[in-house]
Amino acid sequence: MKLRMIALMGSCFLLLACGPAKEVDVTAGWSAEKLYRSAKNEMANKNYSTAIEQYQILESRYPFGKYATQAQLDVGYAYYKFDEVDAAIAALDRFIKLNPRHEAVDYAYYLKGLANFGRGKSLLDNIYYRDKADYDKSILLTSYNDFQILLRRFPRSKYAVDSRQHLIYLRDKLASADLKIARFYASRDAWVAASNRAKFIILSYPGTDAVQPALEIQLAAYQHLGLDRLAADTQRIIDLNYSDGS
């Protein structure tokens, strides 16, 4: 009987010993500097998930100091590289809110612009070209506003030149997006809506390639609506600015 009890107890201890092992935290005891350097190394090796985890551990264990502040910014970049746009934007917004006078705030706004610039892509976009003007216009506007804030607040930032180039590109795509809407209205003989959209393009995006076709849509709208004087004025503008001899 005693032998059976001893054998049974032995089996129980064996089962307990073979139970699920606790997850080992390899970063236990690491200093803030060691955590930060490890996360940077993981980023360099494109191990973005591990880098994100280590940045978060760093900030939770050492919430004060230069490494925690830098981790708040770097985790935004890690999320951006990991194609987690919403998480990247949230992290960058948090960094800006907590560190409004930090020397890298301009970079946070720049990275937000880049993150929003990449929104709207699908897997098919890696195979087939799709004009960015066909993306959700609100996405283009969000990115446009991010770059505008950067240039307004930090006109001498080292990211200013590239931000201006993005603004020029986005402005052209926003104009193209509205032009497609104006053409749609015109194709449906919705001339009041077509005229209003064309007027919006002319006033909002001067200097873009969308202005001339917008004027032509507005001319057609005035002609169909019987607004002869406005049609004549629009024709003069077209002739003056876009005639072959200009």
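Quick notes on this structure:
- Residue count for segment 214-239, restricted to those that are assigned to a helix (DSSP H, G or I), over 24 Å from Asp172 (Cβ atoms) and not hydroxyl-bearing (Ser, Thr, Tyr): 11
- Members of segment 156-171 found to be surrounded by fewer than 19 Cβ atoms within 10 Å (Cβ to Cβ), over 16 Å from Ser138 (Cα atoms) and among the hydroxyl-bearing types (Ser, Thr, Tyr), listed by number: Ser157
- Selection within segment 49-90: residues that are small (Gly, Ala, Ser) and within 16 Å of Ala104 (Cβ to Cβ). The member of this set that is surrounded by the most Cβ atoms within 10 Å (Cβ to Cβ) is Ala71.
- Residue in segment 135-157 that is touching a Pro at 6+ places or on another chain (Cβ under 9 Å) and modelled with pLDDT of 95 or more present: no
- Contact annotation: residue pairs with Cβ atoms under 9 Å, 6 or more positions apart or on different chains, pairing a residue in segment 181-200 that is of a type in the set (S, T, N, Q) with a partner that is in a loop (DSSP other than H, G, I, E, B), are Ser195/Leu225; Ser195/Leu227.
- Of all residues in segment 189-246, those being in contact with an Asp or Glu (Cβ under 8 Å, 6 or more places away or on another chain) and of a type in the set (Phe, Trp, Tyr) number 3.
The values are calculated or read from the model by the stated rules, or taken from the named source; none is laboratory data. Please read all numbers here as calculations on a predicted model, not as lab measurements. Positions of Cβ are backbone-derived with ideal geometry, glycine not excepted, and every protein chain shown enters the neighbour counts.
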